[in-house]
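Participant: Before we start, here is the structure in question, set down as structure tokens.
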Amino acid sequence: MSEPGQGSEYELHPLTPPANAPSPQTPAPKPGEPGWVPPVPIIEKADPEPEPEAEPDPTEDPDVQRHRGIAVLGYIFFVIPLVLAPNSKFARFHANQGLLIFILWCLAVIGTVVLTVGWHMMQNVLATIPILSFFFGCFANVIPFFLIVGVIVLTIMGIVHAANGEKTELPLLGHLALIK
């Protein structure tokens with residue numbers, strides 16, 4: 001801090017009103033009097049109007065618009081789109097993806113059963129070798145978890161794509177066409 005009068009960066013001076021400003025003792029000028037300044041209206045722009053909620057896109061394929069729900073059901077059981085919309089290419093595409101998911105579900109369940117049964121059968125044999133028992137036990141308990149979670153994730157992805165009206169192939173197996 002600098003001492004007063006030593007050229008400090010900021011100096012405090014009493015506030016002096018401008019020459020044309022009314023003094024506190026005199027009232028402010030009224031409309032029509034000299035020195036009166038008309039108020040300036042402040043006009044705020046209104047918020048932009050919100051866009052309408054998800055109206056169907058007129059450029060979207062009518063087949064997709066009609067068969068979205070059926071395509072979603074194809075991931076629960078792939079036969080539903082084949083029965084309810086046999087001529088819809090969109091529904092057949094998602095029925096094919098649903099069939100691939102169904103096959104993955106079957107493989108995941110079979111793999112889980114095989115690993116679990118194998119683990120229980122091998123426990124007595126592996127009990128003599130603790131490190132091998134530990135390794136196979138981890139393998140037999142972790143792999144089924146990832147199999148089931150992976151298939152659940154693929155199922156959810158397929159349902160989301162069908163609900164959005166997209167013909168997006170699922171990762172890994174989506175390029176296979178079992179239903180044409």
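The values are calculated or read from the model by the stated rules, or taken from the named source; none is laboratory data. Computed from a predicted model, the values in this text were never measured in an experiment. For neighbour counting, all protein chains shown are included, and Cβ atoms are generated from backbone atoms with ideal geometry for every residue, glycine included.
Participant: For Val149, work out the one condition from (1) surrounded by 12 or more Cβ atoms within 10 Å (Cβ to Cβ); (2) closer than 18 Å to Leu170 by Cα it doesn't fulfil.
Facilitator: (1)
Participant: Residues in segment 136-180 that are part of a helix (DSSP H, G or I) and within 14 Å of Leu100 (Cα to Cα): how many?
Facilitator: 10
Participant: Looking for whichever is part of a loop (DSSP other than H, G, I, E, B) and farther than 30 Å from Glu60 by Cβ here; the options are Thr112, Thr128. Which one fits?
Facilitator: Details: Thr112 fails: part of a loop (DSSP other than H, G, I, E, B).
The unique qualifying residue is Thr128.
Participant: List, please: which pairs have Cβ atoms under 8 Å, are six or more places apart or on different chains, and start with a residue in segment 113-134 that is within 22 Å of Leu147 (Cα to Cα) and end with one that is outside any helix (DSSP H, G or I) and at pLDDT below 85?
Facilitator: Ser133/Ala127
Participant: Just one of the numbered conditions (1) without any contact (Cβ under 8 Å) to a residue 24 or more places away in the chain; (2) under 30 Å from Gln65 (Cβ atoms); (3) touching a helix residue (DSSP H, G or I) at 6+ places or on another chain (Cβ under 9 Å) is not true of Val153; which one?
Facilitator: For Val153, the exception is condition (3).
Participant: Kindly list, by first and then second residue, each pair from a residue in segment 50-73 that is among the acidic types (Asp, Glu) to a residue that is in a helix (DSSP H, G or I) and modelled with pLDDT of 70 or more, limited to pairs with Cβ atoms under 6 Å and residues at least 6 apart or on different chains.
Facilitator: Here the result reads Asp63/Phe90, each pair linking segment 50-73 to a residue that is in a helix (DSSP H, G or I) and modelled with pLDDT of 70 or more.
Participant: Let me ask another. Can you tell me which residue within segment 158-175, out of those that are surrounded by 14 or more Cβ atoms within 10 Å (Cβ to Cβ) and closer than 18 Å to Cys106 by Cα, is modelled with the highest pLDDT?
Facilitator: For segment 158-175, the residue satisfying everything is Gly158.
Participant: Quick test for you: out of Glu53, Glu33, pick the one residue that is charged (D, E, K, R) and modelled with pLDDT under 80.
Facilitator: Numbers: Glu33 fails: modelled with pLDDT under 80.
After applying the criteria, what remains is Glu53.
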